[in-house]
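The values are calculated or read from the model by the stated rules, or taken from the named source; none is laboratory data. The shown structure was predicted, so the numbers you read here are calculated from the model rather than taken from an experiment. Cβ placement follows ideal geometry from the backbone for every residue including glycine, while neighbour counts extend to all protein chains displayed.
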Amino acid sequence: MIEAEIKIKPYTSLDRVVKCVEDSGYTFLYRSIEEDHYYNHPCRDFRETDEALRLRFLEKIHEHRVDKYCILTYKGPRRVEAGVKSREELEIDIASRKQCMILLQILERLGFREVAVIRKDRRVYRKNGLTLSIDLVHKLGLFIEIEGSKDLIIKEIESIPFKYEIIEKTYLELLLDL
């Protein structure tokens, strides 16, 4: 599947971002606590090939329950057009923490090495074919990601009522640049 998204750094408070998102018709879906472990291939450098392999430990907080599971994700090289990033993304959900830990052992035994861990508190919203995430990323700060079709994304960012900067780097690249 090809994922299209834009990441922006808002120059305002979390409370204002949440209010603007909710006032513009987005429906709140869930909050999640995510811990993303990024790995490098034993025979090629993913930073050079612009690929990523991520194991995400996820706690999805719904109104009446908390779902805990993992997602293994491969991301292919990026293409950026008008600030919108698109890339191949392949994901598989892993149902239990025990299975996640076994997968982690497999990756390590195959020579994959962890390069970074990114922790974030995410609020996810949905509107008219768009998914919007408000992310508080440990060590990096506040960001907004909008996923959907390129045309819808571009139209949506034009309506944002506060100052922001388009960020083309991934959270991993931003963290490694610190």
For the stretch 137-155, how many residues are touching a residue at least 24 places away in the same chain (Cβ under 8 Å), under 24 Å from Arg31 (Cβ atoms) and out of contact with any helix residue (DSSP H, G or I) (no Cβ under 7 Å at 6 or more places or on another chain)? 7
Taking into account only those residues within the stretch 1-49 that are β-branched (Val, Ile, Thr) and not in a strand (DSSP E or B), which is surrounded by the fewest Cβ atoms within 10 Å (Cβ to Cβ)? Thr49
Do we have Ser133 as of a type in the set (Ser, Thr, Tyr), touching a residue at least 12 places away in the same chain (Cβ under 8 Å) and surrounded by 18 or more Cβ atoms within 10 Å (Cβ to Cβ) here? yes
For strands (runs of 3 or more DSSP E) lying entirely in the stretch 50-141, having 3 or more residues that are among the aliphatic types (A, V, I, L, M) and under 21 Å from Tyr39 (Cβ atoms) picks out 52-61, 84-94, 113-127
Return the residue satisfying two criteria in turn: it lies in the stretch 156-174 and is more than 18 Å from Thr27 (Cβ to Cβ) and assigned to a helix (DSSP H, G or I), and of such residues it is modelled with the lowest pLDDT. Ile157
Which is surrounded by fewer than 15 Cβ atoms within 10 Å (Cβ to Cβ) and among the charged types (D, E, K, R), of Arg65, Arg56? Arg65
Return the pairs, sorted by first residue and then second, in which the second residue is of a type in the set (Lys, Arg) and at pLDDT 95 or above, the first residue lies in the stretch 40-58 and is over 9 Å from Leu72 (Cα atoms), the beta carbons are less than 6 Å apart, and the residues are 6+ apart or on different chains. Asn40/Arg113; Ala52/Lys75
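Hey, among Lys155, Lys169, Lys139, which residue is over 20 Å from the mean Cα position of the chain (by Cα), loosely packed, with under 14 Cβ neighbours inside 10 Å and not hydrophobic (A, V, I, L, M, F, W, C)? Don't jump to the end; show me each part of the working.
Numbers: Lys169 fails: over 20 Å from the mean Cα position of the chain (by Cα); Lys139 fails: over 20 Å from the mean Cα position of the chain (by Cα).
That would be Lys155, the only listed residue that is over 20 Å from the mean Cα position of the chain (by Cα), loosely packed, with under 14 Cβ neighbours inside 10 Å and not hydrophobic (A, V, I, L, M, F, W, C).
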